[in-house]
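These notes concern the structure reproduced below.
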Amino acid sequence: MPSQRPALPVVVLATLAAAACLGGCLSGPALQPDIVGTGELATAPPSASSEPPAAGLPRLDRSCDPSQGLGCAAGPQRPAYTIGPLDQVGILVWGRPDLGSQFQVESSGGVRATEVRQDGTLDLPFLDPLPVLGRTIQEVRHMVELAYTEFLGSETVVAAQVVRCRSTRILVEGKLRRPGVYSLCPDLLTVGELIAVAGGFDEKADESRGTLLREGAPFHLNYSRPDLQASDILLRDGDIVRFPAEGERLVYVFGEVQNQGAYPIPAEGMDLLEALAAASGYNVVTARTRKFYLVRPEDPGDPTIFELDLGQIIGGPTIVLRDGDRIFVPPTSLANWNRFWRLVLPTSVYATTSRELVR
């Protein structure tokens with residue numbers, strides 16, 4: 001029988017080719033610098049704008065077709081909430097209190113609920129774990145109904161509700177009355193609903209200069225303009241919403257830093273190294289410090305991108321930041337490579353391939 005071992009180099013080469021193709025997907029934004037080095041930073045004109053508007057972000061659908069009659073009175077179409085790990089779901093089986101959810105939730109008036117496990121499954125009496133991750137509460141109700149009908153051998157009626165939402169994290173910062181961490185829920189899906197839950201604005205808030213930070217990209221929220229419908233913007237897990245005080249200026253730091261976010265520029269100013277320090281520094285293992293970027297939005301449609309070297313900045317002139325500046329620290333090639341293997345191959349397969357390569 002001919003040996004199959006010569007096929008291994010082909011597999012390895014194919015895998016390496018895939019890594020090269022996917023590497024760009026793991027490295028963050030693809031930025032083409034306009035200026036390399038710090039020479040032009042001192043003479044660049046003042047920034048006339050901050051972050052781009054959030055007009056293109058998904059929002060509630062308020063369109064209404066009069067031909068649909070009473071359907072127009074139902075209000076905007078809300079996307080269905082999908083279940084995630086640590087959410088608490090209440091399952092009630094009519095006539096069978098021994099089935100469905102069994103644990104009472106504190107401060108819920110006696111409501112019983114079941115917590116979704118980290119692997120996205122739901123454990124109910126006499127049933128195998130049910131995969132509910134990413135499903136709506138109506139889909140979960142239908143799944144449980146079918147499972148109990150099969151188990152009991154007779155038609156079963158089930159009621160289901162989301163009791164507590166804990167699978168997502170939305171951070172609210174700045175001049176709101178109750179800043180903090182919140183979770184998306186069926187009744188908390190938009191910027192407007194988040195602001196209401198957070199107690200609304202305090203008297204010092206600048207409602208026209210809010211920021212939604214999504215996956216490292218800042219978007220402008222002008223809540224003082226009802227026609228812009230900023231309140232209808234749909235939120236996502238990991239979003240950061242911030243409304244500064246009047247006159248406050250912001251700089252954004254994201255990428256391979258310890259704490260991504262928007263940071264206020266103090267009255268005495270802030271330089272680039274101070275901004276990195278505010279973000280708790282860069283990741284010494286994954287950050288590419290010899291080629292990172294400062295994006296200065298002098299023109300909203302055509303920002304200026306500076307390619308910088310941290311070593312030159314430490315020993316060179318101070319780079320004073322301006323309102324709306326964005327600092328992006330990309331990952332190293334090795335960090336991209338490690339992330340690729342973690343995504344594509346389990347550890348055991350990777351170890352087996354490594355042993356084959358050295359034989």
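In table form, for the structure just shown:
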| read-out | value |
| --- | --- |
| Residue among Ser280, Ser231, Ser224 that alone is under 20 Å from Gly180 (Cα atoms) and either exposed (fewer than 15 other Cβ atoms within 10 Å of the Cβ) or among the basic types (Lys, Arg) (or both) | Ser280 |
| Strands (runs of 3 or more DSSP E) fully within segment 142-225 counting 1 or more residues that are over 21 Å from the mean Cα position of the chain (by Cα) | 158-164 |
| Only listed residue being in contact (Cβ under 8 Å) with a residue 60 or more places away in the chain and either crowded, with 17+ Cβ neighbours inside 10 Å or outside the structural domain of Gln260 (by TED's automatic domain parsing) (or both), chosen from Thr156, Thr114, Thr136, Thr149 | Thr156 |
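The values are calculated or read from the model by the stated rules, or taken from the named source; none is laboratory data. What you are looking at is a predicted structure, and each value in this text was computed from that prediction instead of being measured. Here Cβ is always computed from backbone atoms with ideal geometry, including for glycine, and neighbour counts include all displayed protein chains.
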